[in-house]
Amino acid sequence: MLLLSPSSIFAPPSTSRIRPSPIKSMALNRSSSAPAQRRNGMSALEARISLVIALASQTSSLSQKLLTELTSETAKYVFPKRIFESRNLEEALMSVPDLETVKFKVLKRTDQYEIRELEPYFVAEATMPGKSGFDLNGASQSFNTLAGYLFGKNTKNESMAMTTPVITRRTQSDGEKMEMTTPVITKRAEDQEKWRMSFVMPSNYGSDLPLPKDSSVTIKEVPRKTVTVVAFSASPLSFDSDEGFVNDEEVKARESRLRTALKGDGEFQVKDGALVEVAQYNPPFTLPFTRRNEISLEVERKQE
């Protein structure tokens, strides 16, 4: 018979008898680390989903902004404003885009013309190639040059708002002080057979306009002046104008008629040396009979 001492009966069991096996230990380690790995995996997935949602939201916001801006700009042409009083049916059909234009005050109105006092404004101008003020190629080159300056080709790389009208004006010399109206202005130098096209600058810049990078573009201030104006739509039925666009023959005929009409005015007369200006308010896609064009000459009050 084996006799056991009390100390051996109540002694704690040997640690070697209850030590877990290596296999069970590895299984326990894997099971305890799996939830943490799953939590980390879900966190990364959530981050990716959150990023995709954020990008989608940003893209949607940008698209809505661009769409809003496009709609706003389109509305300026689709829903034009009427800032001129109509003297006849032809003028009643005319419309101009809802863009900034030169401010003026009407001093006198007759059945044949209107006398306006124009407030000062700034223009960017470029000399047009060729002898014709309304030659399509020359006009396109000048327009693109000025548009380049307006939309970022300047020292501030800044895009400015489009205004109206485009002014085409005849000039006497390169040193002449330019005086223009609201549209794009094309002007011709009598001695050099040159015309110049001008864009009216947004008034919020004042004299603090960015300088053009293109040396062919110059910035000038147009002082306050008084002009006589006749409005007309470029109808293909009038003066045989090509597809409703203004041409040189039409300008000459209307200028002659305006000068003749002013001879009978008891208050105003055409200023000596005044050269014709043509203001065009509408984009090319405008229907001919709804376009607004203006012929103008600088005038002065007659001496009593």
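So the values come out like this:
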quantity: Selection within the stretch 162-171 - at pLDDT 90 or above and either of a type in the set (Lys, Arg) or within 16 Å of Asp208 (Cα to Cα) (or both); calculated: none
quantity: Filtered residues of the stretch 116-156 (kept if closer than 25 Å to Lys252 by Cβ and surrounded by fewer than 20 Cβ atoms within 10 Å (Cβ to Cβ)); calculated: Pro129, Gly130, Lys131, Ser132, Asp135, Leu136, Asn137, Gly138, Ser140, Gln141, Phe143
quantity: Cβ pairs under 9 Å, 6+ apart, first in the stretch 126-142 and modelled with pLDDT of 85 or more and of a type in the set (Ser, Thr, Tyr), second assigned to a loop (DSSP other than H, G, I, E, B) and open to solvent by less than 70 Å² (accessible area, probe 1.4 Å); calculated: Thr127/Thr171; Thr127/Ser216; Ser142/Pro129; Ser142/Ser216
quantity: Cβ-Cβ under 6 Å pairs, at least 6 apart or on other chains, the stretch 103-124 side more than 14 Å from Asp265 (Cα to Cα), far side hydrophobic (A, V, I, L, M, F, W, C) and open to solvent by 50 Å² or more (accessible area, probe 1.4 Å); calculated: Arg116/Phe104; Arg116/Val106; Glu117/Leu107; Leu118/Phe104; Ala124/Ile219
quantity: Residue within the stretch 290-299 that is touching a residue at least 24 places away in the same chain (Cβ under 8 Å), of a type outside the set (Ser, Thr, Tyr), surrounded by fewer than 21 Cβ atoms within 10 Å (Cβ to Cβ) and over 15 Å from Val230 (Cβ atoms) present; calculated: no
quantity: Residue list for the stretch 79-102, filter: loosely packed, with under 13 Cβ neighbours inside 10 Å and modelled with pLDDT of 85 or more; calculated: none
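The values are calculated or read from the model by the stated rules, or taken from the named source; none is laboratory data. None of the values given here were measured: they were computed from a predicted structure. Cβ sites come from the backbone with ideal geometry, for glycine too, and all protein chains shown count toward neighbours. Just so you know, the surface numbers come from the protein's heavy atoms only, side chains and all, with ligands and any DNA or RNA stripped out. Shrake-Rupley method; radii C 1.70, N 1.55, O 1.52, S 1.80 Å.
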